[in-house]
1. Cβ-Cβ below 6 Å, separation at least six or inter-chain, first residue in segment 88-104 and in a loop (DSSP other than H, G, I, E, B), second aliphatic (A, V, I, L, M): which pairs?
2. Checking GLY52 against (1) surrounded by fewer than 15 Cβ atoms within 10 Å (Cβ to Cβ); (2) without any contact (Cβ under 8 Å) to a residue 24 or more places away in the chain; (3) within 20 Å of SER7 (Cβ to Cβ), which test does it fail?
3. Please count how many residues of segment 23-77 are over 23 Å from HIS107 (Cβ atoms), part of a strand (DSSP E or B) and in contact with a helix residue (DSSP H, G or I) (Cβ under 7 Å, 6 or more places away or on another chain).
4. Working carefully through the options ILE67, ILE59, ILE81, ILE43, find the one that is of a type in the set (Val, Ile, Thr), in contact with a Cys (Cβ under 6 Å, 6 or more places away or on another chain) and surrounded by 13 or more Cβ atoms within 10 Å (Cβ to Cβ).
5. Name the residue that is nearest to LYS102 (Cα to Cα), counting only residues in segment 49-71 that are within 11 Å of the ligand (Cβ to nearest atom) and among the β-branched types (Val, Ile, Thr).
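Derivation of every value follows stated rules applied to the coordinates shown; laboratory data play no part. For clarity, every value in this text was computed on a predicted model and none was experimentally measured. Glycine also receives a Cβ, built like all others from the backbone with ideal geometry; neighbour counts cover every protein chain displayed.
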Amino acid sequence: MSLDGISQHLLICNGKTCTKNGAEEVTDTIRAELKALELQKEIHTTKTLCNGQCIYGPIAILYPQGIWYKKMNKAKSEELICQLNGKGNAHIGSELYYHDGKTFKNHEGEK
Ligand code: FES
């Protein structure tokens, strides 16, 4: 497939633990919202295997921003795509890591 026009890539963990904790609903919700907002040609999604952060799952990771979101659910998935609509970032109060341009940093004080 071509990535022409794609500006962001959302990795959605569908590893064993995240799946047990609702990753399928998260994946379906994110993809349904992208479709509803006609963003499929701008934001590409990929289901992944385990990202090594199972205790924080379900995990979603946004690139190129390098933001890791934890404890995703249906409501947070809807909010994420809503905020990404027309913007480059999304703060949904569930950030786990962010990238400061050099390395990943832990978000403090997030739910
Ligand atoms: S299964 Fe998702 S981080 Fe491990």
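1. Partner pairs satisfying both residue conditions: ALA90/LEU80; ALA90/LEU84; ILE92/LEU80.
2. That leaves (3) as the condition not met.
3. Final tally of qualifying residues: 1.
4. Values: ILE67 fails: in contact with a Cys (Cβ under 6 Å, 6 or more places away or on another chain); ILE81 fails: in contact with a Cys (Cβ under 6 Å, 6 or more places away or on another chain); ILE43 fails: in contact with a Cys (Cβ under 6 Å, 6 or more places away or on another chain).
Within the list ILE67, ILE59, ILE81, ILE43, the selection yields ILE59.
5. Going through the qualifying residues, I end up with ILE61.
To keep it simple, each residue is scored yes or no on (1) away from the ligand (no atom under 16 Å from the Cβ); (2) of a type outside the set (Val, Ile, Thr).
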site: CYS13; (1), (2): no, yes
site: LYS20; (1), (2): no, yes
site: THR27; (1), (2): no, no
site: ALA32; (1), (2): yes, yes
